[in-house]
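Written out below as structure tokens is the structure these notes cover.
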Ligand code: NAD
Ligand code: MG
């Protein structure tokens, strides 16, 4: 008999948040929606609250709280505000499981709060781990949190590793981790056209429906760069043990190669409800609403080496991982600023990685010993990236 788990969804109105609620709602005997959060689209949060009746809802600002309050039945859902509210639901004594699905650095503090409270932590917010890897993993260890990857590649790797895996790849006979990547919408676009692609073109991913920031990250392949760093922290993989494989069908979600030459892969339709359901029910398996994989329709699976000149972000990802210290936080913050600049049409597509590289060159890596060090590196990189963005925008 499974005990009912109280679920807190950070970023409930996003792509991952909504898929999480979809899976959880299929299993009301297992999951109770205990808390929800959103930063915008308060109407939608209101609807989610009416449907799921959570004990708490968190919004960013007091004005949003007033709007939300008018939409809710009195006495059911308490409304909390801002970072403090997020930290409170993430660490609440009655929260069993936290889905960390806020996009970007904004998710770091509440996600870390869940780790420090020893929760079962479903990590979609890869930026939090990229920024604060050593601090985050230490919090997981010290407080016995159960960290389960939601990113489809890392969830696949997790499924391909032995149950007894304890963080030492070599000790478990693993030779390499093979992260697959679709190559995004511009895998075959002529290089001469990349300068003028629009935000809508960049967000039209061939296989996955996602939020706009991660969609742009997929188009530059910065998403894979962040995932290389994520794989390092989750599985203890060195840069040499992580290989990126272009796989346009997005059916093989990633692979693990063993010393004896065996390569174990996890396959499925590109639907985030699969890794979400896997992590929600772990170590059991539950229905996720995902269709059976039709291999006859898929027909073929293609694989190719990534083109590092087309996708310089990949090189920057390996560089940040090798440099260590504040470098991954710098990479992540510069990327967030540059992507925002691109989405606001102030930066051309190819300038995204150019800005990030300029910021990394300007800010040499520093040691990271605390959350404050991470937040300082993040702030410095944002300031520098803002200046770089303005300089490029002025030239346009
Ligand atoms: P999204 O943009 O669709 O949703 C983001 C959510 O975070 C929304 O609920 C939004 O209200 C909230 N949010 C945004 N800024 C916030 C802030 N400053 N403070 C508090 N809340 C804020 O994003 P998504 O596609 O669902 O991605 C969420 C996370 O999951 C990202 O870190 C992304 O990299 C990761 N991820 C997503 C996918 C996917 O298929 N969408 C796959 C793998 C990993
Ligand atoms: Mg991914």
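Evaluation of residue 200 against the conditions (1) in a helix (DSSP H, G or I); (2) surrounded by 19 or more Cβ atoms within 10 Å (Cβ to Cβ) shows that the sole unmet condition is (2). With a requirement of 2 or more residues that are more than 30 Å from residue 325 (Cβ to Cβ), the helices (runs of 4 or more DSSP H) lying completely within segment 34-132 that satisfy it span 42-52, 62-71, 82-91. For segment 123-134, the tally of residues that are more than 10 Å from ligand 1 (Cβ to nearest atom) and buried (at least 21 other Cβ atoms within 10 Å of the Cβ) stands at 3. Just wondering, is there one or more residues in segment 4-22 that are more than 20 Å from the chain's Cα centre (by Cα) and in a loop (DSSP other than H, G, I, E, B)? Looking for residues that are more than 20 Å from the chain's Cα centre (by Cα) and in a loop (DSSP other than H, G, I, E, B), one finds at least one in segment 4-22, hence yes.
Do we find that residue 206 is at pLDDT 95 or above and either within 27 Å of residue 293 (Cα to Cα) or surrounded by fewer than 24 Cβ atoms within 10 Å (Cβ to Cβ) (or both) in this structure? Against the criterion (at pLDDT 95 or above and either within 27 Å of residue 293 (Cα to Cα) or surrounded by fewer than 24 Cβ atoms within 10 Å (Cβ to Cβ) (or both)), residue 206 does not qualify. Could you list all residues from segment 199-225 that are more than 15 Å from ligand 2 (Cβ to nearest atom) and in contact (Cβ under 8 Å) with a residue 60 or more places away in the chain? Correct list: 199, 202, 212.
Selection of segment 210-225 for residues being within 7 Å of ligand 1 (Cβ to nearest atom) and surrounded by fewer than 24 Cβ atoms within 10 Å (Cβ to Cβ) yields 210, 211, 212, 213.
The values are calculated or read from the model by the stated rules, or taken from the named source; none is laboratory data. Treat the numbers as computed from the prediction; the structure is a model and nothing was measured. Every residue, glycine as well, gets a Cβ built from its backbone with ideal geometry; the counts of neighbours run over all protein chains shown.
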